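Accompanying notes for the structure given below.
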Amino acid sequence: MTFVRYVAIQLLAYGIDMGLFLIVLKSGLSGPIMANVLAKLAAGIFAFIVHRNFTFRVAESSAIRPQAIRYFVLLALNIPAASAILALLLVWIAEPVAAKFIADIICVALTYALSKHFIFTGQQKHPERKNSTGVGV
């Protein structure tokens with residue numbers, strides 16, 4: 001169930017990411033790489049807040065600061081990685097939006113695994129219920 005929540009929130013964050021990317025790109029404020037960086041920062045702030053409270057249901061505690069640090073370090077690593085993949089794809093794909101979409105898909109699974117296992121590791125507010133087989137429902 002956590003992965004389903006993660007994907008749902010990532011879709012919303014992706015709307016922010018792609019929307020801001022398009023606004024910055026189409027307005028001529030910058031090229032695709034800088035537009036990508038700005039869009040990912042905005043989406044990252046949104047995603048941290050919602051993933052912490054909804055996706056991974058971390059209980060309120062003093063753990064927010066170390067989680068925020070770990071999350072934004074991950075974001076700081078993700079942005080250049082995604083931008084490098086985007087730059088590489090732009091060599092073969094002329095349309096920046098299509099190249100960005102493919103680059104972002106490549107980064108999603110890794111980001112989920114790192115978020116789940118290294119960032120939001122605190123006590124959950126409402127742990128997922130387990131059925132008799134020990135599988136979350």
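Only the coordinates and a few stated rules stand behind these numbers; no lab work does. Being a predicted model, the structure only gives us computed values, none of them experimental.
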Just the Cα atoms of the stretch 2-119: what Rg and Dmax do they give in Å? 14.4, 47
Counting alpha carbon pairs within less than 8 Å and at least 6 residues apart, what relative contact order, in whole percent, applies to the chain? 28 percent
Vicinal HN-Hα couplings computed from phi for the stretch 25-42 (Karplus, 6.51 cos²θ - 1.76 cosθ + 1.60; Hz; Gly/Pro x): 5, 6, 7, x, 5, 6, x, x, 5, 5, 4, 5, 4, 4, 5, 5, 4, 4
Between 0 and 90 degrees, rounded to the nearest ten: what's the tilt of helix 64-92 against the longest Cα principal axis of the chain? 40 degrees
Fully extended, how many nm does the chain gain between Ala94 and Asn53 (0.36 nm per residue separation, minus their Cα-Cα distance)? 10.9 nm
What list of ³J(HN,Hα) values in whole Hz, one per residue of the stretch 14-20 in order, does the Karplus curve 6.51 cos²θ - 1.76 cosθ + 1.60 (θ = phi - 60°) give from phi, with Gly and Pro shown as x? 5, x, 5, 4, 5, x, 5
